[in-house]
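Reading through the structure tokens given below for one structure.
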Amino acid sequence: MSKKLHSGKRSPLSLAFKRHLRPWHRRLGLVGALFLVLLALTGVAINHADDWHLPQSRVTLNWLLDWYGIQPPNQVLLFETAPDVLGATDNLLWLGERQILEAKGPLLAAARTEGFILAIDSDNLYLLDGQGQLQEVQDTSTGLPKALANLAVMGPDEIWLQAADGMYQSDSQLIEWTRAMPFKAPEWIQAVAQADTALQLQARSASLNWERVLLDLHSGRLFGQLAKWLWDFLAFVFVLISVSGGYIWWQQKRH
């Protein structure tokens, strides 16, 4: 009987260690639980990304765009405001809130004519339909003048280009360009430079959607180099939770 009583006694060192271990086990468990909640919530959201249209949902929070290092465009040009905004941010052309073209160079001018949208950079002319679908790209290999500077729409069949060596008029099919002098001065597109506008934010948000943010948050990439050490620390936390929990359970079972 005395042997059994003696074997069931706990040493003061063991009691003191267990007394200090329990609070730390709870604290580490709380940290680990918060991390698991983060992984669970982001994991569920990623799993349903298509159902919740996350790939199409653009991030419009300036601080988050800054965190990703997405810079504002160098230039924001407004060509038309009605019926929908037609504007450009660097080499991107926008119709309302939709990006309809990624040009090869910074866009200089854009205009709407009957059923079509025309846009130019210094070396190319882009022809889109009324819905913003790209139909054709012209360059010098197709007879387009060199060093374009501006565009004028005088009518559905009268399109003018201003180039380094003069003015050019298109044929009715918008295929051939002929150097000419108009009877009436063309009304060149007057692009209005904008700053800190909704169009600027649209251009920045085009590079980032919520699916990517959640993937980066789930994997830890959102925190950059810090994430490597943070995720190592959290892995060590789970090791400590497992070891301390196992030790507490073994002590309780033993006694």
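Any read-out appearing in this document is the output of simple, stated calculations on the displayed coordinates, not a laboratory observation. Because the structure is predicted, anything quoted here is derived from the model rather than measured. All Cβ positions, even for glycine, are placed from backbone atoms using ideal geometry, and neighbour counts span all protein chains on display.
For the Cα trace of segment 113-194, dividing Rg by the Kirkwood Rh returns an Rg/Rh value of 0.93.
Where does the charge balance sit around residue 147 when Lys and Arg score +1, Asp and Glu -1, over other residues with C-beta under 14 Å from its C-beta? Working shown, then result.
Working: positive: 146, 179; negative: 121, 123, 139, 165.
Result for the local shell: -2.
Computed 3J(HN,Hα) for segment 46-61, one whole-Hz value per residue from the Karplus formula 6.51 cos²θ - 1.76 cosθ + 1.60 where θ = phi - 60°, is 5, 4, 10, 4, 5, 5, 9, 6, 5, x, 8, 8, 7, 7, 10, 8, glycine and proline marked x.
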